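Presented below is the structure to which this report refers.
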Amino acid sequence: DAGVTQSPTHLIKTRGQQVTLRCSPKSGHDTVSWYQQALGQGPQFIFQYYEEEERQRGNFPDRFSGHQFPNYSSELNVNALLLGDSALYLCASSSGQGAKTQYFGPGTRLLVL
Amino acid sequence: AQSVTQLDSQVPVFEEAPVELRCNYSSSVSVYLFWYVQYPNQGLQLLLKYLSGSTLVKGINGFEAEFNKSQTSFHLRKPSVHISDTAEYFCAAIIQGAQKLVFGQGTRLTINP
């Protein structure tokens, strides 16, 4: 039973560039949430997707956008990268919009130079 | 506003000693509570959760936690730690009706031989 997978594992970009991160949920899960974890801090909620729509959003600017595909996989896009966007980006999946238990993937570490 | 506070940023203990990692939350409505563990350069792994029912919950790797509504706490305990328990531990909460996990700042558990 495959868990949550994310790609790529590491990424280096320069300021102003755009990046796309990918996530495949755990088998049987249909809801995907994205979190940003800066060094030495707890994860911060970016947004959640269910039924291909953004259902809830955290305090992140519009430069952060996402998408969910019919197979429940998801992408996180960040435009106009800033140095402060350097972080570990975590994807979590759950089953059903009302589900409380989220299972995390290994993350994508993004470095912006 | 909902918040989660982990009272200790670092906890050093000797191997085979007991440990308690403290977590307090603030919320005016019902919450669901979680503990996650993060090993170096990895994602988050669910240790245990409190959704309802018995206030003493048991998780993986010998960990347990007790939900105390009057103290608004959800402390994590293990009676005897092992070197392999060295990791960062995060307490998190979801308020009733919401979808996002709100995390504490994390507690780094260091086991000394």
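Just so you know, all these numbers are worked out from the coordinates, no wet-lab data involved. In this text, all values refer to a predicted model and were calculated from it rather than measured experimentally. Heads up, the Cβs are rebuilt from the backbone with ideal geometry, glycines too, and the neighbour counts pull from every protein chain shown.
What the table below lists for this structure:
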| read-out | value |
| --- | --- |
| Peptide B:42-53 - average C-beta neighbours from other chains (10 Å radius) | 4 |
| Environment charge of B:Val57, counting only residues whose C-beta is closer than 12 Å and scoring Lys/Arg +1, Asp/Glu -1 | +1 |
| If the convex hull is drawn through the Cα atoms of chain A, its volume per residue in Å³ | 94 Å³ |
| Simple spin-label estimate for B:Glu66 and A:Ala99 in nanometres, 7 Å along Cα-Cβ | 3.2 nm |
| Fully extended contour minus Cα-Cα distance, from B:Val29 to B:Lys58, at 0.36 nm per residue | 8.0 nm |
| Efficiency of FRET between B:Ser9 and A:Glu51 - r from beta-carbon atoms, R0 30 angstrom, step 0.05 | 0.15 |
| Relative packing of peptides A:6-12, A:66-72 - highest average C-beta neighbours within 10 Å first | A:66-72, A:6-12 |
| 17 Å reach of a label modelled at A:Gln17, 7 Å along Cα-to-Cβ, counting backbone N of the stretch A:72-113 | A:76-89, A:108-113 |
| Relative packing of B:12-24, A:98-110, which averages over residues the other C-beta atoms within 10 Å, highest first | A:98-110, B:12-24 |
| Of A:Lys26/B:Lys78; A:Lys13/B:Lys100; B:Lys49/B:Lys100; B:Lys78/B:Lys100, those spanning more than 22 Å from alpha-carbon to alpha-carbon | A:Lys26/B:Lys78; A:Lys13/B:Lys100; B:Lys78/B:Lys100 |
| Average beta carbon contacts from partner chains per residue of B:89-99, 10 Å cutoff | 3 |
| Peptide A:32-40 - average C-beta neighbours from other chains (10 Å radius) | 2 |
| Surrounding net charge for B:Ser30, when Lys and Arg each add one and Asp and Glu each subtract one, Cβ distance under 15 Å | +3 |
